[in-house]
Amino acid sequence: MTQIVFFILSLGTIIGALGTILCKNAYYSAMWMISTFVSMAGLFVMLNAPFVAMLQIIVYAGAIAILILFVMMLMDRRVLNNKERFNPQYFWGIILGVGLFSDLAVLAFKFRINITNAGKSLTLHGSNTKMVGDVLFKHYLFPFEIIAIILLIALIGAIVLTKKDEEEAR
Amino acid sequence: MLIEYMIVSALLFAIGATGAMIRRNFIVILMSLELMLNGAGMLLITMSYYLGNVSGQIMFIFVAAVAASETAIGLAIVVMMYKRKGSIDINDFSMLKK
């Protein structure tokens with residue numbers, strides 16, 4: 001049963017990823033990307049991480065995909081879609097991608113770890129969210145603050161990049 | 001099951017890298033970067049499960065925050081280049097070459 005669910009979800013993930021990079025229309029690419037993210041949230045639930053799965057749906061399928069779709073809606077449809085799909089040197093890109101995957105697959109098959117405590121100590125009082133909050137605010141408080149500052153800097157950078165130039169406005 | 005999860009995340013990473021190398025549309029390249037980050041994050045969650053340590057999920061939260069800020073900056077660059085050049089083909093973005 002677990003195998004079947006894993007097979008269906010991973011198939012959805014991989015087909016969504018392939019559709020993202022192969023579709024000619026950028027809107028369809030965004031839709032395939034959302035399907036990839038939702039299937040990956042299912043895989044996260046199978047790995048005993050329901051909090052991260054909900055975070056995946058809210059942040060990736062909710063925020064990032066909608067941000068990309070909004071920017072695409074602001075643009076001219078012909079500018080967005082009438083260009084050529086691939087680079088002229090796409091053959092070498094595909095070769096490099098296949099080589100990267102073979103490298104990672106060989107590493108995965110040679111990888112051995114001790115998995116005796118698989119699935120243990122991921123919950124506190126029966127809740128994964130409590131455990132994540134406990135560890136996040138006890139051991140990882142300083143990186144949490146740094147991440148908050150990184151988000152603030154990204155916000156300011158986006159505003160500065162898209163505002164109108166002084167010379168152009170004059 | 002560990003090997004299957006690792007293969008799926010490696011496939012996601014490789015597909016994302018291939019998409020970033022072969023496509024010309026800047027927005028699709030940003031989506032490929034998201035796929036790469038998600039492949040790495042899925043490996044973090046897998047290791048968190050099989051090692052019995054919740055720190056991998058915390059790392060995924062940090063990766064998601066960095067991915068969100070990276071997308072915001074990338075889309076700001078896209079909008080800026082669209083206003084300047086009227087195109088989002090990356091082969092038109094070669095003003096630093098001259």
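FYI, it's all coordinate maths here, none of it is from the lab. Values in this document were obtained by computation on a predicted structure and should not be read as measured data. Counting neighbours? That spans all protein chains shown, and the Cβs are built from the backbone with ideal geometry, glycine included.
Points worth noting:
- Among the candidates A:V106, A:V52, the residue that is among the aliphatic types (A, V, I, L, M), within 23 Å of B:L11 (Cα to Cα) and more than 7 Å from every other protein chain (Cβ to nearest Cβ) is uniquely A:V106.
- Number of positions in the range A:62-77 that are under 23 Å from B:I88 (Cβ atoms), without any contact (Cβ under 8 Å) to a residue 40 or more places away in the chain and more than 9 Å from every other protein chain (Cβ to nearest Cβ): 3
- Residue among B:M21, B:M42, B:M31 that alone is in a helix (DSSP H, G or I), at the interface with chain A (Cβ under 7 Å from one of its Cβ atoms) and within 15 Å of A:F44 (Cβ to Cβ): B:M42
- When A:N48 is tested against the conditions (1) more than 30 Å from A:N87 (Cα to Cα); (2) assigned to a helix (DSSP H, G or I), the lone failure is (2).
- B:L51 passes every criterion in (1) surrounded by fewer than 17 Cβ atoms within 10 Å (Cβ to Cβ); (2) within 9 Å of chain A (Cβ to nearest Cβ); (3) without any contact (Cβ under 8 Å) to a residue 60 or more places away in the chain apart from (1).
- Residues satisfying the stated conditions in the range A:114-145, i.e. in a loop (DSSP other than H, G, I, E, B) and more than 7 Å from every other protein chain (Cβ to nearest Cβ): A:N114, A:T116, A:T123, A:H125, A:G126, A:H139
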